[in-house]
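Here the structure is laid out as C-alpha cells; the discussion comes afterwards.
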Amino acid sequence: MTDYRAGFVSFVGRPNVGKSTLTNALVGEKVAITSSKPQTTRRAIRGIVHRSYGQLIVVDTPGLHRPRTLLGERLNSLVQSTLGDVDVIGFCVPADEAIGPGDRFINEQLDQYPRAKKVAIVTKTDAAGKARVAQQLLAVSQLREWDAIIPVSAPRGEQLDVLVDELLQLMPQSEHPLYPAETTTDEDTAERIAEFVREAALEGVSDELPHSIAVTVDDMIEREDKDLLEVYANLYVERDSQKGIIIGKGGARLREVGERARGQIEALLGRRVYLALHVKVAKDWQRDPKQLGRLGF
Ligand SMILES: Nc1nc2c(ncn2[C@@H]2O[C@H](COP(=O)(O)OP(=O)(O)OP(=O)(O)O)[C@@H](O)[C@H]2O)c(=O)[nH]1
C-alpha cells in the first residue's frame, strides 16, 4: 500500500460564494470562469491539483438551486449525478455573510450523498474581520458533523495549502495518479475559449441577460503563414433586444468583449489569436430542448 492519495472533490454553496475562484486558486490556473453575477458556472469542470503525495480532482458544479427553466433542471441533475460520485463535498459559505436559508437548504441536501465526506470551507476571509471569521466558523460547526472546517482566502492565497492537505487526507489511497502530471483540466481548448468569451460578455450586463448568454466556438483555423490562430465564435442571446445590448453602440461593446476574451485566450495558448465574434438570437434557448442540445447542455 502506498501513502499516495487521489480522488474527487466538489465545492457546493450558494451562488457567488467563491467556488470557481477557489477552484482556480487551487489549480493555479484559470480553469473556471468567475463573475460577480450569480450562477455563472454551467459545466462540471475538472481542475486538477498536483502534489508529490496526491492528486485532487476538483469538479466545479453549477450549484444547487430551485430550477425555473429547462436549463435549470438540466443543471440540477448534472449537480446531483456529480455529487453522487465524489469522495468529498466542500460546502462553501462566505465569511462576510450570515448563514441563511439558502445555506441551510444546501446543507440539508448534502444528506442525500452519504458516501461523500463533508468539509466546511469558510471563504472570503479577507473580506471579514478576525472576530467575524471566528463567529462564522462556530456557526458552520453547528450545521452538522464535518470532517474538517477550514477558513480560506483565495485571492490572498491564505490557507490554500492547508485545505489541499486536509482534502487529500480524506481521499482514498491510490496506486497511481488519476491524471498525467501536466494536466490542469479535462476541458478541451474550444470549451475553455467559449467560456472566456462568455465571461467577457457577462461583464457589465445585468438582470436576466447573463443567463441568456451562451457561446460556441465553431471553427479554429491555424494560419501558419502568419503564426496566428483564427477563432470563430458565436455568442447566442434569447431575444433581438438583447442582441443590441451585447453589440452596443456602433459595435463598441462587442469590440470590448472581444478584446477582453482575446487577452485571456492568448494568455492560455501563449500565442497570437484573431477572434471573430458573431452575435445570434436563439429564441428562448433556455427552455428549448433542441437548442439546449445544440449548445452543449
Ligand atoms: N474578497 C473576496 N472575494 C472573493 C473571494 N472569492 C471569490 N470572490 C469574489 O466573489 C464573486 C463570486 O466568485 P465566484 O468564484 O464566481 O463564485 P461562485 O460561487 O463560483 O459563483 P457561481 O458560479 O455563480 O455559483 C467574484 O466577484 C469573486 O471575485 C475571496 O476569497 N475574497
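Every number here is computed from the coordinates shown, using simple stated rules; none is lab data. From a predicted model like this one, the values you see are computed outputs, not experimental measurements. Counting neighbours? That spans all protein chains shown, and the Cβs are built from the backbone with ideal geometry, glycine included.
Values computed for the structure shown
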read-out	value
Spatially proximal aspartates and glutamates relative to residue 280 (Cα-Cα < 15 Å; intrachain offsets below 8 disregarded)	218, 238, 240
Length added when fully stretched, residue 203-residue 181, from 0.36 nm per residue minus Cα-Cα	4.6 nm
Relative exposure of 48, 150, judged by other C-beta atoms within 10 Å (fewest first)	150, 48
DSSP beta bridge pairing in region 77-180, given as percent antiparallel to the nearest 5	10
Length gained when the stretch residue 223-residue 85 is fully extended (0.36 nm per residue, less Cα-Cα span)	45.5 nm
Inter-label distance, nm, simple model (7 Å from Cα along the C-beta direction), residue 252/residue 283	3.2
Under the Karplus curve 6.51 cos²θ - 1.76 cosθ + 1.60, θ = phi - 60°, whole-Hz ³J(HN,Hα) for region 190-195, x wherever Gly or Pro sits	4, 5, 5, 5, 4, 5
Considering only the chain, percent of DSSP beta bridges that pair antiparallel, nearest 5	40
Options 127, 202, 228, ranked by Cα towards positive dipole end of the chain, top entry (Cβ charges)	202
Among 285-295, 208-218, the order from most to least packed when residues are scored by Cβ within 10 Å on average	208-218, 285-295
For residue 12, distant residues with modelled amide H under 5 Å away	90, 91, 92
Dimensionless Rg ratio for region 5-169, taking C-alpha atoms and the 2.2 N^0.38 Å reference	0.95
In degrees, nearest ten, helix 160-169 long axis to first principal axis of the chain (Cα)	60
Relative pair counts by distance (%), Cα atoms of the chain, 10 Å bins	6, 26, 32, 24, 10, 1, 0
Amide H partners (placed H, <5 Å) of residue 150, local residues excluded	120, 121, 122
For region 278-283, 3J(HN,Hα) per residue [Karplus equation, 6.51 cos²θ - 1.76 cosθ + 1.60, θ = phi - 60°, Hz, x = Gly/Pro]	10, 9, 10, 9, 10, 4
Under-5 Å amide H pairs with residue 187, H placed in peptide plane, nonlocal only	46
Label-point gap, in nm, between residue 51 and residue 111 - each point 7 angstrom along Cα→Cβ	3.2
Ordering of 169-176, 130-137 by burial proxy (mean other Cβ atoms within 10 Å per residue, highest first)	130-137, 169-176
Per-residue HN-Hα couplings for region 237-243 [Karplus 6.51, -1.76, 1.60; θ = phi - 60°; Hz; x = Gly/Pro]	10, 9, 9, 4, 4, 6, 4
Share antiparallel - DSSP beta bridges, region 5-169, percent rounded to 5	25
Size of charge dipole - the chain - debye, nearest 20, with Cβ of Lys, Arg +1 and Asp, Glu -1, no other charges	920
